[in-house]
């Protein structure tokens with residue numbers, strides 16, 4: 001298991017603490033989207049506290065803003081602020097860490113209270129990059145329930161019309177929303193077809209909670225030219241906590257003490273398993289360090305580049321350097 005997966009599960013533990021302490025938050029969606037956010041911030045995007053003032057930083061918009069609880073944990077982990085402060089004061093009186101993204105919090109690009117607005121803002125930012133001749137990319141994360149908002153389709157149309165290949169939208173398809181199953185409230189099974197109809201390049205990630213599959217998808221779409229790209233990530237609401245998984249009731253729920261204890265126990269067990277697996281993999285690699293996976297030294301060896309689930313993120317260069325290297329190799 002790679003470092004991104006371990007980090008995502010550690011952040012799940014933080015989310016549980018944050019939501020339990022506050023008695024608020026949208027924990028089910030937090031746990032479905034955390035792998036997407038982890039991969040974007042620690043494996044893909046060129047954005048950090050160090051380059052926050054740079055006009056060339058990548059832009060990120062959380063359109064499903066009610067899952068800001070997860071974003072706070074990721075931004076805190078990234079170093080934008082003291083993560084413990086966010087855990088201890090989330091949704092408290094006078095705290096800047098309120099229940100939706102707001103620009104008082106370092107690392108937040110936009111306020112996003114109303115669902116369905118993030119993609120339109122992403123289109124504007126991507127178009128501005130084109131007009132200014134800048135190379136930054138814009139990433140937007142939406143929920144599948146949010147795709148019932150009509151403003152999304154105006155944004156999809158504009159992005160296709162202007163060939164915004166510097167724009168990447170990710171839809172967190174966990175199939176549940178506050179009212180129940182998304183397919184019953186407003187069916188979104190044809191999302192890929194809808195995006196394609198508006199001129200988008202679409203990639204579907206079968207397991208949107210698999211960091212390897214997500215990273216491979218993001219690296220591939222960053223090279224795509226001529227169209228905006230959409231990643232349809234099929235996730236599980238409440239992923240990582242057994243009694244929350246695939247349960248609409250945990251769209252917004254308050255844990256009882258015994259539920260909190262169970263969630264902590266399950267996530268800590270999972271973290272131990274990941275650590276053990278990583279140590280075992282490291283020992284195995286050390287034992288076989290004289291062998292290589294090149295065609296010359298090991299004919300027929302499998303190439304793992306951009307293969308879902310086979311990507312090792314920990315050894316990568318920064319997202320910006322990696323992107324430049326890939327583009328140069330493709331003659332971009």
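Every number in this text was worked out from the coordinates using simple rules, so none of it is lab data. Model, not experiment: these values are computed from the prediction. Cβ: placed from backbone, ideal geometry, glycine included. Neighbour counts: every protein chain shown.
For this structure, a couple of remarks:
- Overall dimensions of the range 78-222 by Cα: Rg and Dmax, Å: 16.7, 45
- As a proxy for reagent exposure, 176, 115, 31 were ordered by neighbouring Cβ count within 10 angstrom, fewest first; the result is 115, 176, 31.
- Projected over every direction and averaged, the convex hull enclosing the alpha-carbon atoms of the range 3-269 yields 12.8 nm².
- Each principal axis of the Cα cloud of the range 1-114 was evaluated for its coordinate range; sorted largest first, these ranges are 37, 35, 26 Å.
- Eigenvalues of the alpha-carbon gyration tensor of the range 40-105, scaled by 5 and square-rooted, set the equivalent ellipsoid semi-axes at 21, 13, 11 angstrom, largest first.
- Residue 21-residue 134 FRET efficiency (beta carbon distance; Förster radius 41 Å; 0.05 resolution): 0.55
- Taking every DSSP beta bridge that has both ends in the range 3-269, the antiparallel portion is near 10%.
- Normalised per residue, the volume of the convex hull around the Cα set of the range 111-191 (Å³): 90 Å³
- Extension gain from residue 114 to residue 88, taking 0.36 nm per residue of separation minus the Cα-Cα distance: 6.8 nm
- A Förster radius of 30 Å, combined with the Cβ-Cβ distance separating residue 153 from residue 54, puts the computed FRET efficiency at roughly 0.40.
- Of 235, 38, 203, the sequence from fewest to most neighbouring Cβ atoms within 10 angstrom is 203, 235, 38.
- As a proxy for reagent exposure, ranking 239, 194 by other Cβ atoms within 10 Å from fewest up yields 194, 239.
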